[in-house]
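Visitor: Below are the structure tokens for one structure; questions will follow.
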Amino acid sequence: MLIIVLIVSVVFYLAFRKWRQRQELPPDGHGLIGSNGEYWQEQRRFALHTLRNFGLGRNFMEERIMDEFELKFKELDKLNGEPIPVHDHFDILVGSVINRMLFSYRFDEKNAEEFYGLKREVDKSLESLSLVFTTIPYFMQRMIPYLRKIYETQTKPFWGVKNFIARQVEERLQEIQDGRHPLGDEGEDFCDAYYLEMMKQQKENPKSGFNKESLIVSILDLWIAGQETTSLTLCWALIYLLNNPHVEEKVRKELQELTDGNRDLSLTDKPKTPYFNAVIMETQRLASILNTNLFRQATDDVQIGDYLIKKGTPVTTQLSIIMSEEALFDKKFDVRLLLDLNPRINENLPCEQFVLMHQFFIDVLQTSSTKISHSGRKTCVSGYYSLKRYNFQFNPDRYLNGNRLEQHVIPFGIGKRECPGKSLALAELYLVDFLKFHSFNFEFR
Ligand code: HEM
């Protein structure tokens, strides 16, 4: 089965209606990430509405983010400059923010170990992701014994997290039923809101996809998708700023002038912090956390140049290539470098462009993607190494010339399946990055 890696962003912009179908993922096409069709539409619409309602729409997300930072980073003061694994702090901070929105509770000293245990499970699961998992239809993976074995190994850690979520949902439903958890009109969190919608739909539309399994998988999707991505981007921001002291200096100056050093930043300050916004954008561009986007499927035959992409073909965009186009950004990713680095590359693939992309794709999957995307501290080391190796320039000023370059920075994807957690993630990046520099001086050890 041919994997097409789309490289021309224009094509993607023009045709994204045809790519909104996701390559189906376990568990059984439920939830938000691996579902399709009307089911996906109703689940996504509900999730977006509820994220707004319990999140940024009501401003208390801002308070919660600040609050979590205070709680998670305050003990650092006591360390007197001792080195710390900063990634762990970002992990639990981001984990608590999302968990409060989903289940109204945070991770603290009492349950931190449980959180890190789950986090390790997720890391294991994501690190073992491979092309087999993302491109071969899910039903085939379960039917063919060889593939089933790979499938089972890859998904095993993932079921542990699903069980954790399912336990919490069961407990909550029990509490609602025996009156220990009163719901009111809207409930307190995503789980409550989903339960209320489920009850409503079961009366009005018994065939709707709002049921307990969908509740569990939707929460699972938000829990998993909302954590490592954000926490890792925070880590990257730190790495880039530590490597670019002149940028750090400019950020501090901009923020100091705005707040006079005696108040916190608020999301409403965004229009007044153009340089800081540009730093976050440049961080996301270069960190390129999901450097190959989640797989979709062509919903129709599509002609791109000389190539006919048949309906049903798994398709992905190489987001990192789009975000480093030579015509727009100063440093082109040099594929020949990879040719030198990776002797296993097959040079006899069907067309020149595809060969180049395929080479890049293989390299990314084999050397950096899994490590860069998913696994804690080793991530930063490998990411830092790639950064040096490819010599990309961290240059936030590039966005300040009125050239609308930001339109080409698409770390959250675009189109119908664009990341629904974008606003929450951007709020976390803005506020936590500010607090980091407002409260501490960091250095590499
Ligand atoms: C820096 C942080 C983040 C990045 C870079 C990121 C990136 C992405 C990307 C590239 C996609 C695929 C979009 C596409 O197919 O075009 C995606 C999907 C998704 N993201 Fe995020 N994300 C982040 C944070 C979050 C957060 C905080 C949440 C939850 C609150 C979240 C929930 C999801 C979900 C549920 C999907 C699947 C949407 C669907 O298929 O309809 N993400 N994300």
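Visitor: Tally Lys and Arg at +1 and Asp and Glu at -1 over the other residues with C-beta under 10 Å from the C-beta of Ile92: what net charge comes out?
Guide: With Lys, Arg at +1 and Asp, Glu at -1, the net is -1.
Visitor: So for region 215-308, Kirkwood radius off the Cα pairs, Stokes-Einstein at 10 °C and 1.306 mPa s: how many µm² s⁻¹?
Guide: Taking Rh from Cα pairs, D becomes 95 µm²/s.
Visitor: Right, here's the next one. Could I have the simple spin-label model distance between Gln407 and Asn111, label points 7 Å from Cα toward Cβ, reported in nm to one decimal?
Guide: Result for the modelled spin labels: 4.5 nm.
Visitor: Please arrange Cys191, Cys235, Cys419 by how many other C-beta atoms lie within 10 Å of their C-beta, fewest to most.
Guide: So the ranking, lowest neighbour count to highest, is Cys419, Cys235, Cys191.
Visitor: Just the C-alpha atoms of region 99-248: what Rg/Rh do they give, with Rh taken as the Kirkwood radius?
Guide: My calculation of the ratio gives 1.06.
Visitor: What spacing in nm lies between the two simple spin-label points modelled at Gln393 and Glu186, each 7 Å away from Cα in the Cβ direction?
Guide: Here the answer is 4.7 nm between the modelled labels.
Visitor: Okay, next question. Under the 0.36 nm per residue contour assumption, what length would be gained going from the current alpha-carbon distance of Glu325 and Leu308 to full extension?
Guide: 3.7 nm
Visitor: Would you kindly state how much longer the chain becomes between Gln41 and Asp178 on full extension, computed as 0.36 nm times their sequence separation minus their alpha carbon distance, in nm to one decimal?
Guide: Length gained, Gln41 through Asp178: 46.1 nm.
Visitor: Given H placed on each backbone N at 1.01 Å, which residues far from Gly209 in sequence or on other chains put an amide H within less than 5 Å of it?
Guide: none
Visitor: Take the cross-link list Lys207/Lys310; Lys124/Lys212; Lys162/Lys207; Lys74/Lys250 and give me the ones stretching past 30 Å between alpha-carbons.
Guide: Distance filter (> 30 Å) returns Lys207/Lys310.
Visitor: Using a basic spin-label model with each label point 7 Å from the Cα along Cα→Cβ, how many nm lie between Leu242 and Lys156?
Guide: 3.4
Visitor: Can you tell me the order of 225-232, 145-152, 102-109 when each peptide is scored by its average per-residue count of other Cβ atoms within 10 angstrom, highest first?
Guide: Order by mean packing, descending: 225-232, 102-109, 145-152.
We did not get these values from a lab; they are worked out from the coordinates using the rules stated. Note that this is a predicted model, so its numbers are computed, not measured. All Cβ positions, even for glycine, are placed from backbone atoms using ideal geometry, and neighbour counts span all protein chains on display.
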